[in-house]
């Protein structure tokens with residue numbers, strides 16, 4: 001069966017797919033825990049852990065398929081977040097509805113900074129690998145109303161298949177599409193997290209439609 005396009009779904013269908021995700025995806029508790037930790041670290045209320053530590057909780061669970069090949073460099077990740085925190089603080093206050101073409105150069109640089117910071121060297125071949133999935137997850141956790149989540153299957157489903165060289169551009173396209181969908185159902189309570197849940201249920205897990 002041909003997979004449906006999220007952009008063509010009614011709000012009721014998006015909500016139903018999101019509900020299916022919440023019923024089936026046991027790892028979503030990690031999102032709730034990471035959100036709490038990120039909020040505490042951002043407000044400097046976290047004792048003994050940084051923003052990088054908090055976000056790594058989610059990365060190492062939700063993207064464990066990538067990090068089983070090599071170790072996340074916490075020091076490098078922490079430095080990249082601290083370097084970009086003033087910029088991230090501005091995005092944290094914004095909603096995706098405010099995203100415009102003027103933001104794209106800045107976001108592309110930020111995306112590529114974090115792409116390097118979340119990269120690994122494989123344990124056996126010592127080959128460098130990057131994860132655009134990790135970048136989107138990290139960005140979302142720091143600015144959840146502005147940056148959408150994706151994974152490889154979701155990117156393909158949205159027509160944003162990426163590779164190492166074009167990932168930032170494809171993510172910008174993905175942001176434009178998410179903005180359009182959010183605008184379509186403005187005032188209905190739709191969130192970027194709900195869109196991700198719906199997309200995961202359709203493209204990654206195949207849970208919806210049943």
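Could you list 114, 190 so that the one with the fewest beta carbons within 10 Å of its beta carbon is first and the one with the most is last? Write down the numbers at each step before the final one.
On the way: 114 26, 190 19.
In increasing order of surrounding Cβ atoms, one gets 190, 114.
Based on DSSP H runs of at least 4 residues, each adding -39500 (n - 2.57), what is the mean residue ellipticity at 222 nm of the chain after dividing by all its residues, to the nearest 500 deg cm²/dmol? The partial results should precede the final answer.
Values: 10 runs with 121 residues, N = 210.
Rounded to the nearest 500, it is -18000 deg cm²/dmol.
Spacing of the modelled spin labels on residue 13 and residue 173, each 7 Å from Cα toward Cβ, amounts to 2.2 nm. Eigenvalues of the alpha-carbon gyration tensor of the chain, scaled by 5 and square-rooted, set the equivalent ellipsoid semi-axes at 26, 20, 18 angstrom, largest first.
Which shape class applies to segment 151-210: rounded if a/c is under 1.5, otherwise prolate when a/b exceeds b/c and oblate if not, where a ≥ b ≥ c are the square roots of the Cα gyration tensor eigenvalues? Don't skip to the answer; put the middle values down first.
On the way: a/c = 2.81, a/b = 1.22, b/c = 2.31.
The shape class here is oblate.
Mean-square fluctuations from a GNM of the chain, with a 10 angstrom spring cutoff on Cα atoms, peak among 152, 189, 70 at 189. Rg over Rh for segment 1-75 works out to 1.11, both radii taken from alpha-carbon positions and Rh defined as the Kirkwood radius.
How high is the FRET efficiency from residue 205 to residue 184, r the C-beta distance, R0 25 Å, rounded to 0.05? For R0 = 25 Å, the calculated efficiency reads 0.55.
Counted by neighbouring Cβ atoms within 10 Å, the residues 198, 160 run from fewest to most as 160, 198.
Taking 14, 30, 120 as the candidate residues, the one with maximal mean-square fluctuation in a Gaussian network model of the chain, Cα springs under 10 Å, is 30. Distance between the 7 Å Cα→Cβ label points at residue 69 and residue 5: 3.2 nm.
For the chain, the longest principal axis of the C-alpha atoms and the axis of helix 132-142 are separated by about 90°. The stretch between residue 47 and residue 87 holds 12.0 nm of extra length on full extension. This uses 0.36 nm per residue minus the Cα-Cα distance. For the chain, the longest principal axis of the Cα atoms and the long axis of helix 51-62 meet at an angle of about 50 degrees. So if I take the centroid of the Cα atoms in segment 173-210 and the same for segment 1-45, what is the distance between those two points in Å? If you average the Cα positions of each part, the centres end up 9 Å apart. Largest GNM mean-square fluctuation across 107, 195, 33, computed for the chain with C-alpha springs under 10 Å, falls on 33.
Read-outs: derived from the displayed coordinates by stated rules, not from any lab. What you are looking at is a predicted structure, and each value in this text was computed from that prediction instead of being measured. Note that each Cβ is placed from the backbone with ideal geometry, even for glycine, and that neighbours are counted across all protein chains shown.
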